[in-house]
Amino acid sequence: MDRNVRSVEDVLRLMDGLFAPEADRWTAGGADWWDGFYADRSKPVPFFVAKPDETLVSYVERGLVTPGRALDLGCGPGRNALYLASLGFEVDAVDLSPGAVAWAGERAREAGADIRFHCGDAFAEGAPDGPYDLVHDSGCFHHLPPHRRVSHLALLDRVLAPGGHLALTCFASGAMGSELPDAELYGAAEPHGGLAYTPESLRHVFAELEEVELRRMRDEPADSPWFGEDFLWAALFRKPGGSRPGR
Ligand SMILES: C[S@@+](CC[C@H](N)C(=O)[O-])C[C@H]1O[C@@H](n2cnc3c(N)ncnc32)[C@H](O)[C@@H]1O
């Protein structure tokens, strides 16, 4: 008989197990799934380009975020981590996939960027723990199953400094990702390529943070130095407390 649930983490793990094996990118097999995804670097995947999010560039250029300690959460091949490091941020970058971390590490070496990489589950014990002035999540949050939002929020609670920012980029409802209600995702055979969010759902999830800006990302042309896809929301939230940039 299995009577092991005692903590929130036990409940979350139990819920991970409600997904079918084909949905393993949402569970313990996520690293293998993502490794397979990154195996062919020549695939025409929009975020394989070595360019930072246009929204992140815009936050920096407007002084909404200023250099400090940053975490690139689900960094993939490291395009945003590299940009932040080039501006003098002290960057930690974490990803589940060894293939992604290896690729990001190669890019960092080529650029002479000093980034601390961590390969593993960003929400598990032993992951980088801040405190950070900026947590940047471009495309990781929308790949989490509903119950793992609890882990995401717990991470922000733990590692984001008062006055620090969360910069989040995720699938926009009506444009990309699954529109299924949370409850219907359990028992679904596969994770539908990620979850769609509305501005209201993002405000609801991140209600403990102050909204600085929430807009659609701008579509960037192929010759732009920035990454931009208009099927994404880009949100900048601020943790209450601390002092504001420029004050
Ligand atoms: C859509 S990709 C985005 C990569 C990168 N942020 C970018 O925009 O170029 C999502 C990334 O999140 C990572 N990921 C998903 N769940 C994770 C977790 N629990 N901990 C760390 N990384 C995770 C995946 O391995 C994948 O590289």
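The values are calculated or read from the model by the stated rules, or taken from the named source; none is laboratory data. The structure displayed is predicted, hence computed values, not measured ones. Glycine also receives a Cβ, built like all others from the backbone with ideal geometry; neighbour counts cover every protein chain displayed. Just so you know, the surface numbers come from the protein's heavy atoms only, side chains and all, with ligands and any DNA or RNA stripped out. Shrake-Rupley method; radii C 1.70, N 1.55, O 1.52, S 1.80 Å.
Within region 91-117, the set of residues being in contact with a helix residue (DSSP H, G or I) (Cβ under 9 Å, 6 or more places away or on another chain), open to solvent by 50 Å² or more (accessible area, probe 1.4 Å), closer than 27 Å to Ala154 by Cβ and more than 9 Å from the ligand (Cβ to nearest atom) comprises Pro98, Phe117. Restricting attention to region 141-198 and to residues that are touching a Leu at 6+ places or on another chain (Cβ under 7 Å) and among the β-branched types (Val, Ile, Thr), the residue that is farthest from Asp230 (Cα to Cα) turns out to be Val159.
Considering Ala23, Ala28, which residue is modelled with pLDDT under 95 and assigned to a helix (DSSP H, G or I)? Steps first, please.
Values: Ala28 fails: assigned to a helix (DSSP H, G or I).
Answer to the selection: Ala23.
Which residue, of Gly187, Gly242, is open to solvent by 20 Å² or more (accessible area, probe 1.4 Å) and either of a type in the set (Lys, Arg) or more than 25 Å from Val57 (Cβ to Cβ) (or both)?
Values: Gly242 fails: either of a type in the set (Lys, Arg) or more than 25 Å from Val57 (Cβ to Cβ) (or both).
Just one listed residue meets the conditions, Gly187.
Yes/no matrix, rows are residues, columns are (1) within 18 Å of the chain's Cα centre (by Cα); (2) surrounded by 19 or more Cβ atoms within 10 Å (Cβ to Cβ):
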{"residue": "Glu9", "(1), (2)": "no, no"}
{"residue": "Leu12", "(1), (2)": "no, no"}
{"residue": "Phe19", "(1), (2)": "no, yes"}
{"residue": "Phe37", "(1), (2)": "yes, no"}
{"residue": "Cys75", "(1), (2)": "yes, yes"}
{"residue": "Leu82", "(1), (2)": "yes, yes"}
{"residue": "Phe89", "(1), (2)": "yes, yes"}
